[in-house]
Amino acid sequence: MRLRSIRLGALFGIPLLLNPSWFLLAGLTTWFLATQFYPAAFEGASRWTHLLMAGASVAAFFASIVLHELAHSVVARWFRIPVKSITLFVFGGVAQITREAARPLQELLMALAGPLMSLALGAAFAGCWWLLGARADRAVDYVLVWLAIMNAALGLFNLLPAFPMDGGRVFRAALWLVTRNHALATGIAAWTGRGFAWTMAGLGVLAVLGRDVVVADSLAGGAWLVLIGLFLENAARQSLLQNRFVRELARYRAEDVMVADAPVVDARQPVGPLARGVLELNPRAVYLVSDGDRLAGVLSGYELQGVPEPLWDSTPAGAVMVPKDALRATARDRLVSDVLLEMEMEELLHMPVVENGRVIGIVARDRIVGLLRQAGLLGTARA
Ligand SMILES: [Zn+2]
């Protein structure tokens with residue numbers, strides 16, 4: 001699944017991406033509908049009609065999945081949670097929502113929006129079929145019924161309390177509402193999700209071996225179930241890992257990890273002396289930049305690396321620093337897990353720690369990442 005996604009365009013400003021793995025799903029579904037399903041359901045039609053019906057079904061189902069993801073995204077936006085992109089891939093779609101909801105009710109509504117959209121689409125396709133007379137001798141009727149069933153199935157399947165599927169997110173939000181403990185709720189939901197994943201994979205194996213397990217009774221259905229089970233298991237495990245990150249970082253407060261003695265440099269000073277001999281030894285170097293006796297910004301190894309060496313002596317610190325207005329301050333007693341969340345949300349590398357209007361230190365993102373590495377949590381995340 002490391003294939004590069006293709007950008008199809010944007011909806012409401014949200015980029016719509018297509019992962020090449022989606023063609024596998026589209027191809028298999030078109031093949032199955034054109035050569036197996038529609039020939040059996042609508043015997044009277046020609047092979048070309050069956051192919052056309054299959055093509056129309058897959059295209060409309062594609063649009064349905066986009067609408068499902070768009071529903072999640074619109075609710076996320078409503079709560080001011082930025083959505084990076086919507087990607088369609090072999091198991092359907094995913095909306096890249098940049099951070100988790102801050103409140104259980106937001107999470108609940110955000111997760112519920114997708115399945116509700118699918119169920120509504122199912123009802124709409126069924127309604128069209130009924131309004132058009134529900135006949136058995138027309139191609140369009142079979143396509144509408146297939147779309148109604150698929151959307152309803154997608155909505156219901158996604159409502160299973162198998163975290164991190166939509167239903168699992170609803171389940172977690174409900175646990176979070178009751179326990180008021182996000183980490184505990186995520187733990188319970190993720191372990192339940194793993195249980196579902198293993199059940200699905202197990203049932204899939206039985207189906208592959210020829211058993212009729214109700215949800216699947218064929219080799220293809222069984223194999224599909226095994227793949228979805230493994231995919232879910234992996235996703236649930238990732239969520240548990242992320243949960244451990246949060247718990248590890250919640251042991252620290254901003255004042256425990258901040259650099260309290262960052263050197264202060266004048267905004268007009270060239271960056272040469274700051275970068276020379278420093279970047280190689282300590283790329284984590286960070287400076288407070290002052291304008292007179294006021295804070296003008298923060299300058300770190302990251303910004304210095306962006307300046308070509310021949311320009312070091314002619315570039316003042318003030319020209320490359322992150323200006324004060326682009327910084328977001330934090331309080332000394334803020335949990336580091338929350339600090340990192342805000343950094344990721346706002347794409348920040350540093351946050352000054354401010355007390356009584358005075359900067360008392362700087363928290364750097366790489367220091368937080370270092371904490372996770374020390375705790376042995378990052379080695380597994382890379383895998
Ligand atoms: Zn969804």
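Structure notes:
- Here r is the Cβ-Cβ distance between Arg251 and Glu355 and R0 is 35 Å; the resulting FRET efficiency, rounded to 0.05, is 0.95.
- Sequence of Ser5, Ser290 when ordered by accessible area, the most exposed leading, probe 1.4 angstrom: Ser5, Ser290
- Carbon + sulfur, % of accessible area of the chain - ligands and nucleic acids excluded, 1.4 Å: 62 percent
- Sequence-distant residues sharing a close amide H with Ala296 (under 5 Å, placed H): Val289, Ser290, Asp291
- Residue ranges 237-249, 9-21 sort as 237-249, 9-21 when ordered by packing (mean number of other C-beta atoms within 10 Å per residue, highest first).
- Orientation-averaged projection of the chain equals 23.9 nm² [convex hull of Cα atoms, one quarter of hull surface area].
- Loop GluC sites (Glu not before Pro), region 278-372 (other Cβ atoms within 10 Å of the site Cβ: 12 or fewer; DSSP): Glu280, Glu347
- Equivalent ellipsoid dimensions for region 176-241 as semi-axes, Å, which come from the Cα gyration tensor, largest first: 30, 11, 7
- Using alpha-carbon coordinates, inclination of helix 47-78 to the longest axis of the chain, degrees: 40 degrees
- Accessible area in square angstrom per residue, the chain, 1.4 angstrom probe: 53 Å²
- For Ala134 and Phe23, the difference between the fully extended length at 0.36 nm per residue and the C-alpha to C-alpha distance is 36.8 nm.
- Extent along the principal axes, Cα only, for region 254-374: 40, 33, 24 Å, with the longest axis given first.
- Extension gain, Leu177 back to Leu209 (0.36 nm per residue minus Cα-Cα distance, nm): 7.3 nm
- Fraction of alpha-carbon pairs over 12 Å apart in region 56-97 - percent: 57 percent
- Inter-label distance, nm, simple model (7 Å from Cα along the C-beta direction), Leu219/Ala59: 3.3 nm
- Charge dipole (debye, nearest 20) of region 6-249; +1 at Cβ of Lys and Arg, -1 at Cβ of Asp and Glu: 800 debye
- The coefficient of translational diffusion for region 242-316, derived via Stokes-Einstein from the alpha carbon Kirkwood radius under 25 °C and 0.890 mPa s, stands at 174 µm²/s.
- Efficiency of FRET between Ala102 and Phe231 - r from beta-carbon atoms, R0 25 angstrom, step 0.05: 0.35
- Among Val75, Val354, Val66, the largest mean-square fluctuation in a Gaussian network model of the chain (Cα springs under 10 Å) belongs to Val354.
The values are calculated or read from the model by the stated rules, or taken from the named source; none is laboratory data. What you see is a predicted model; the values in this text were computed from it and never measured. Using ideal geometry, Cβ is built from the backbone for each residue, glycine included, and neighbour counts are taken over all protein chains shown. Keep in mind that these areas ignore ligands, DNA and RNA; they rest on the heavy atoms of the full protein, side chains included. Shrake-Rupley method; radii C 1.70, N 1.55, O 1.52, S 1.80 Å.
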